[in-house]
Every structure is written in structure tokens, then in C-alpha cells.
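Here the structure comes first, spelled out in C-alpha cells, and everything after it is commentary.
The values are calculated or read from the model by the stated rules, or taken from the named source; none is laboratory data. Fair warning: this is a prediction, and the values are worked out from it, not measured in the lab. Note: ideal-geometry Cβ built from the backbone for every residue, glycine included; neighbour counts use all protein chains shown. The protein model used for the area step is the full one, side chains on, heavy atoms only, and it has no ligands, DNA or RNA in it. Shrake-Rupley method; radii C 1.70, N 1.55, O 1.52, S 1.80 Å.
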Amino acid sequence: MERRAAAAGPMSGPSTSACAEGRALALASTSGPGRPRNVLDLPPELLVEIFCLLPGVSLPGLAAACKKFHQILSTDTIWRRRCRVEYGVSENLRRLETVGIACHDLYIKRINPRVKSGRFVKLLPDYENMEHRDVYTRLLHPYRNILGLWQPDIGPYGGLLNVVVDGLFIIGWMFLPPHDPRVNDTMRCKPLFRIHLWEKNKAEVECMYGHKGSHKGDIQIVKKDEFSTKCNQTDFHRMAGGRQEEFRTWLAEEWGRTLEDIFHEHMQELILMKFIYTSQYDNCLTYRRIYVPPSSPEDLIPPGLFKGTYGSHGLEIVMLSFHGTHIKVTKITGDPNVPAGQLTLYVDVTRPVQLPDIEYLRNFDKLSRIVLEIHQQVQRDQQNQEHWQDSTRCNADSSQPNCNGVQEPKEQGAKAGGVSTKTEAEGATAGGPVAGQPFVLPVGVMARNEVYPRTCRACFYGTGLIAGHGFTSPERTPGLFILFDEQCFGFIWLDLKSFSLYSRIEDSLKSAQAPFREAFELMLKSMQSWTS
């Protein structure tokens, strides 16, 4: 045990022993005249309870303090509790089947963990006799910085990876949208890698990519909030039928259909392009940390992750966040036109749109005129704001009343793009459509999924980002943001005459909260630079 304590020594804190002693003496202060004079006089069972309350990173320092502490900290109960409290570890071996271990293999291994015959050699380590101290110091603590949400660097396509502690494993789950166009279906999860303890209590990384089972891999923590994975046996990704079989298998997983079922020629080209691009990485990827958006009581709906329809590109994952009186919808996954990380929708909640009667709403031209009038007003407000700012700078530089000879009112420029204060924003929202207002798509608007809510809570003016292939000539175009309810929203792209429907991702995402609001804002800016 001395060797293990020394190995874990760097995690210790300088004042741990003093804190433990002070807490121990406080707990023992009610024991009467014969109370202990120092922490070493406390009974072992009380020390065990005290040490269970300390963070795991402090325990190795205590173990090095004296022989008695060293002996007590070999108690597995202490480390078991730290694993459970700090990382949520639960030793439910039945869950191992979900990470690629068959019940038959697991059964044989559990009956005789040291079996050394046939194909069951080294299927699993001896979990029954594993010490939680080793789990904490050699698995959970060294890899704690890769827990949470990540976006892989796969060119324009991006992705969503959630790294979690699952039983005695650390697993990287890739979240995939439902098959197009079933936007209301649940997300699909695919394990890309797993980390666990193996022989000699050493953490081992396994690549889960491909169809031949787990194999050797590697993880390197490049820098803060960034790590990379590498597969050391890419032959496990290959299929006997060659690239054609690999493509058919990938297509069935990605789209839930065959290429012959997809009649649209442009969609076939996009699908083939994505397979060629993404398969070249062979699970050797770089990941950057992302956070779920923070919430506040003023938000119209809880912010979060949604899955939405994007025409021939299928379903993509987006993140909805609130920024004062505006809503930003950022792509987590993307496509060759508008890549991951870009701001796909930008909505002004101070500019509600009063929908016409249901019969007039069916007329696309009628709805288009309403939205375009707001769009033109926004452009005029922005021009006036820019003109006022230029005049102010010129006035400051020349120390003259106005270098253009035009006196601007002081109120001009106090608001950017119209109403901007919280009170006015609430008033504008309150003056919008009431909950349960009938809604129907105008005739001629294309929609991947005709199953959408027929009532909405509110509608707002917004812009959507469109671009040519390769993110060329990006342009923000006007559209209508439709808030159906807390779980669903939509957007009508006027220039494209198309409709996107978005549904909330309900999955629980662990270790995904930003430490503070500024960290989330900085992450959003960084995401755009990754794919610009």
C-alpha cells in the first residue's frame, strides 16, 4: 500500500491533515473527561467516517502523514464513497452490456474472472476484487478533465460527444439525431471510446468505432478544454466487403434507409460526400469543450439543445440561448453550406409578429409582406444607429458640435435596432400572439415534416444564415421564428420558402454546465472561429 500512496501523492493538499484533525477533535469534543488530546487518539471507525467526508484528492496526503492514517486509508469504504459522491460511480455490472460486452462473455468472466482459455482471455479485469482507491487515483482523477460535452473537429459537420462515468468505465457517447425527418424521436447514442482499469491497475483506452468490437486506442489531453483520440488498430474499422459494404452499413445507421430509397439526386450527393469526408478520420479526432446555455427567469423558454430539420442535409443539432432581448441558435452539427459553430438563427424578441387570420396565413405573400416590413425597419434603425455613432466619433475627434452639420437627437443610438430595454421587451412580448393561437404553414412553403403543432404561443422577427457550398457568400436573410411551446419551435426561411422544425433534446447531459456566464459567451465566439 505504500507504493500506491506514493503514486497518488501529487494530488494531496498542503493543509489537509490540519483540517482533518480540527474536524476530528470537534466531533470528539463531547466524549467527556477522557476525550482524546489529538486526532491520533480517535478510534479507527470514527477516523473512517471523518476521512469519508474529505475530497479524494486530499486523502493521499493524509496517508503519507503517519502509519495509522496510512492503514486507515486502505479501507475501501472511504474510496468507494468518494467515487460515488464525486463521480457518481455505481458498480452495476449488468450495465456493461450497453458498452459492448455480451451477457455470455460477462457471465463467464464473473464466474471465473481469471479464466485464461479461448476467446474469453482478458475480456474483463477482475472487477470483483478491484479496489476503489485504484479506481479513483488511476482512472477517475487522471481523466476527470475529459468529462462533459465536446464538439469534434470534423470539418463542417461537427458533432456532440458526452463523456460520462458509467459504472466502472469512462465512456464517450456520440449523440446522433433521429433519422430524417422524425424530429420528435429520441436521440441515438453510439459509444466511440471507453476507459477502464486493466491488469496492474493501469487505465486502458479502447476504441469502440467500427463493427468488430473494442480494440486499442489512445487519448491525449492536448490542453485545457481540448483532447484528442487515436485508434491504434484501424483495421478493426474495415469490412470484408470493402468500402461499399462500409457505406451501406453507415447509411443504414445514419439515415435508416438505403441509397436507392433516396430519390433526390442532390441529397444522394450530399450523403456520399459526408461519408467520404467523415470516414477518413477513423475515430482519430480532436474535441473541444462546449457547455449547455445558462438560464434565467426572464427567458421565454428554457434554453438548451434541439434537433431540427435542414432540408436535404437531414436533421442537425442546434443550441438555443438567450442574450438579453435576442435569441441565438447556434449549430452544434453542420453541413457543407453552413458549418457547425455558426449562428444559424438570430431572433429579436422585441419585434413580435402579429399573425393574420388563419385563412390569410395560408397566403405566403401576405405573411412575407408582414415580415419584410419589419426587416426594412430593422435595417433603417441600424443605419440610423451607425450614422449616429459615426457622428459621435467625429464630434469627439474634432471637438465641434457636429462635423456633418446635422444635430442628432440624444435618444438616437440609445437603442440598437429598436426596443432594447427589458421593460419594453416584456411589453412587446405581451402584445404578441396569445397562447394557443392557430397556426398553419403558408401554401408553397416546403417542409420535411408535415407533423408540426397547429397552435403557437408567439412569433418574432428573425434572420437565418444561408450560404453557398463551402460556406461561400454567407448572408443573413429575414424569416419568422415560431414559438410553439417549451419543447418545440420553428423557423420559416422566406428566401428559401422552407420551414425548419426543432424539437428539444431531453437527454440528461452530465458535467455540461458553464462555470460562469462569461465562459459560455467565450465558447460561442470560439465555436464560430473553429469553422469560419
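Scanning the stretch 299-314 for residues that are touching a Phe, Trp or Tyr at 6+ places or on another chain (Cβ under 9 Å) and open to solvent by 40 Å² or more (accessible area, probe 1.4 Å) returns a single hit, Leu300. Scanning the stretch 137-156 for residues that are open to solvent by 10 Å² or more (accessible area, probe 1.4 Å) and aliphatic (A, V, I, L, M) yields Leu147, Ile154.
You will find that of Ile374, Ile332, Ile327, Ile317, the residue that is farther than 28 Å from Val183 by Cα and either of a type in the set (Lys, Arg) or open to solvent by less than 60 Å² (accessible area, probe 1.4 Å) (or both) is Ile374 and no other. Filtered by the rule that a residue be over 27 Å from the mean Cα position of the chain (by Cα) and among the charged types (D, E, K, R), the stretch 223-256 gives Asp235, Arg238, Arg243, Glu245, Glu246, Arg248.
Residue check: is Ile271 assigned to a helix (DSSP H, G or I) and either farther than 21 Å from Val183 by Cβ or touching a Pro at 6+ places or on another chain (Cβ under 8 Å) (or both)? Against the criterion (assigned to a helix (DSSP H, G or I) and either farther than 21 Å from Val183 by Cβ or touching a Pro at 6+ places or on another chain (Cβ under 8 Å) (or both)), Ile271 does not qualify. Among the residues of the stretch 447-459 satisfying the criterion of being in contact (Cβ under 8 Å) with a residue 40 or more places away in the chain and under 17 Å from Ser498 (Cα atoms), which is least open to solvent (accessible area, probe 1.4 Å)? Ranking the qualifying residues of the stretch 447-459, first place goes to Cys459. So which of Glu408, Glu359 is outside any helix (DSSP H, G or I), modelled with pLDDT under 95 and of a type in the set (Asp, Glu)? Matching residue, one of Glu408, Glu359: Glu408. List pairs: first in the stretch 75-86 and free of Cβ contacts under 8 Å to residues at least 40 places away in the same chain, second open to solvent by 20 Å² or more (accessible area, probe 1.4 Å) and not in a loop (DSSP other than H, G, I, E, B), Cβ under 6 Å, 6+ apart or cross-chain? From the stretch 75-86, the pairs are Thr75/Val48.
From Thr344, Thr350, Thr392, grab the single residue that is of a type in the set (Val, Ile, Thr) and at pLDDT below 85. Write out each step before concluding.
Numbers: Thr344 fails: at pLDDT below 85; Thr350 fails: at pLDDT below 85.
The match here is Thr392.
Do we have Ser296 as open to solvent by 10 Å² or more (accessible area, probe 1.4 Å), among the small types (Gly, Ala, Ser) and assigned to a helix (DSSP H, G or I) here? Considered against the rule, which asks whether it is open to solvent by 10 Å² or more (accessible area, probe 1.4 Å), among the small types (Gly, Ala, Ser) and assigned to a helix (DSSP H, G or I), Ser296 comes out as no.
Looking at Thr463, Thr531, which is the one that is modelled with pLDDT of 95 or more and over 23 Å from Val443 (Cβ atoms)? Steps first, answer last, please.
Working: Thr531 fails: modelled with pLDDT of 95 or more.
The conditions single out Thr463.
Here is the figure for the stretch 480-502: residues that are in contact with a helix residue (DSSP H, G or I) (Cβ under 7 Å, 6 or more places away or on another chain) and assigned to a strand (DSSP E or B) total 2. Tell me whether the stretch 326-337 contains one or more residues that are more than 20 Å from the chain's Cα centre (by Cα), closer than 22 Å to Met187 by Cβ and not in a strand (DSSP E or B). No: the stretch 326-337 contains no residue that is more than 20 Å from the chain's Cα centre (by Cα), closer than 22 Å to Met187 by Cβ and not in a strand (DSSP E or B). Within the stretch 159-178, the set of residues being outside any loop (DSSP other than H, G, I, E, B) and open to solvent by 10 Å² or more (accessible area, probe 1.4 Å) comprises Val164, Val165, Asp166, Trp173, Met174, Phe175, Leu176.
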